[in-house]
1. If I stretch the segment between residue 24 and residue 56 completely, what's the gain in nm (0.36 nm per residue apart, minus their alpha carbon distance), one decimal?
2. Report, in deg cm²/dmol and to the nearest 500, the calculated mean residue ellipticity at 222 nm for the chain, where each DSSP H run with n ≥ 4 adds -39500 (n - 2.57) and the sum is divided by the residue count.
3. Separation of region 2-26 and region 33-74 by C-alpha centroid, Å?
4. Using only the Cα atoms of the chain, what are the Rg and Dmax in Å?
5. Between residue 16 and residue 77, 0.36 nm times their residue separation minus their Cα-Cα distance comes to what?
6. By how many degrees, between 0 and 90 and to the nearest 10, does the Cα long axis of helix 33-44 differ from the longest principal axis of the chain?
């Protein structure tokens, strides 16, 4: 927790000694880990990213960037109609 705060991050780590608030408590925040897990699952749908075929780092970065463009494009098509 202290290392994250020292780097300017806002840690979402509950205190070990503090009891968890009730699920109906308005001060309870939902877990945020799912955002990263969903993004990883979207990238894992691309075999060139999941199984790193590219030996050079800039080639792999290109695969990741193409995958990101395709993910964003598909999301925009879904939201627009």
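1. Details: separation 32, 0.36 × 32 = 11.52 nm, distance 5.01 nm.
Length difference between fully extended and current span is 6.5 nm.
2. The helix contribution divided over the chain gives -17000 deg cm²/dmol.
3. Computed from Cα coordinates, the inter-centre distance equals 30 Å.
4. 18.6, 50
5. Working: separation 61, 0.36 × 61 = 21.96 nm, distance 4.36 nm.
So the extension gain works out to 17.6 nm.
6. The angle comes out at about 10 degrees.
Read-outs throughout are calculated quantities, based only on the coordinates presented, and are distinct from any laboratory measurement. Everything numeric here is computed off the predicted structure, so don't read it as measured data.
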